[in-house]
Amino acid sequence: MQHSFQPYENDILTMNPFKINEEPALLTCGTEGHVNTMTISWGGLGVIWNKDVGFVFIRGSRYTKEFLDKYDTFSVTYFAPDKPTSLMLKYIGSVSGRDENKIENARFHVDFYNGTPYIDEGRDVVIMKKLSVTKINPEDLIDPEIDKTFYENKDYHYMYIGEVIQLMSR
């Protein structure tokens, strides 16, 4: 099978890492036959520990967190904001992979880069190797409005930092 995504160097990104909340993205993790994905709107790209990294935030209650904890690599697939896939991205963000095969139901397809799954219908893909996970704790929040606004149910996020090991684009 010929893959539709092609590798490229970090210095020619086509997506804007600062617009993750405007340009839909799917976080995908797992292995052949056992993959889950979820819509994300918090995260970005940067540098830490002298490495190019990506970081994403996942609530402790999310099924995808189990995958992130189990596997060493994950992907973030970015979509153009005006694509006809936007309804499917909302669907994927509203149902749990625990309850149904939401990737199949959304008519998306999983492909793999060196064993790391990603969603083939996207525009850009970042493949990452997990480096760190940190729980967001209420006592670490300096602005109390953050806790009131985003954590009313006390379902705090975990921040995963991954080293960027491959960028791909159509």
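Table for the structure above
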{"read-out": "Contact order relative to length of the chain, as percent, for alpha carbon pairs under 8 angstrom and 6 or more apart", "value": "30"}
{"read-out": "Dipole-positive endmost among Phe55, Ile127, Ser4 within the chain (Cβ charges, Cα centre)", "value": "Ser4"}
{"read-out": "Under 13 Å, Cβ to Cβ, from Asp155 - net charge with Lys/Arg +1 and Asp/Glu -1", "value": "+3"}
{"read-out": "Phi to ³J(HN,Hα) by Karplus 6.51 cos²θ - 1.76 cosθ + 1.60 over the stretch 93-106, Hz, x for Gly, Pro", "value": "x, 10, 10, 9, x, 5, 9, 7, 8, 5, 5, 5, 5, 7"}
{"read-out": "Linear extension gain, Trp42 paired with Glu100, 0.36 nm per residue minus alpha-carbon span", "value": "18.5 nm"}
{"read-out": "Contour excess over end-to-end distance, with Cα ends at Ser4 and Tyr151 and 0.36 nm allotted per residue", "value": "49.0 nm"}
{"read-out": "Cα centre as origin, Lys/Arg/Asp/Glu Cβ charges: the chain dipole, Debye", "value": "240"}
{"read-out": "Whole-Hz couplings from phi, Karplus 6.51/-1.76/1.60, listed for the stretch 161-169; x for Gly and Pro", "value": "10, x, 6, 6, 9, 6, 10, 9, 8"}
{"read-out": "Rounded accessible area of Val110 (nearest 10 Å², 1.4 Å probe)", "value": "50"}
{"read-out": "Count of Lys pairs (Cα-Cα under 13 Å; at least 8 positions apart or interchain) in the chain", "value": "8"}
{"read-out": "Neighbourhood net charge (14 Å Cβ-Cβ; Lys/Arg +1, Asp/Glu -1) for Val110", "value": "-3"}
{"read-out": "Accessible-area ranking of His34, His109, largest first, probe 1.4 Å", "value": "His109, His34"}
{"read-out": "Amide H contacts of Ser132 (H built 1.01 Å from N, under 5 Å, at least 5 apart or other chain)", "value": "Ile161"}
{"read-out": "Highest-fluctuation residue, Ile127, Ile40, Ile48 considered, GNM on the chain with Cα pairs under 10 Å", "value": "Ile48"}
{"read-out": "Of every Cα-Cα pair in the chain, the percent that sits beyond 23 Å", "value": "37"}
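The values are calculated or read from the model by the stated rules, or taken from the named source; none is laboratory data. All values reported here derive from a predicted model rather than from experimental measurement. As a convention, Cβ positions derive from the backbone with ideal geometry for all residues, glycine included, and neighbour counts pool all protein chains shown. Remember, those area values only see protein heavy atoms, side chains included, never the ligands or the DNA or RNA. Shrake-Rupley method; radii C 1.70, N 1.55, O 1.52, S 1.80 Å.
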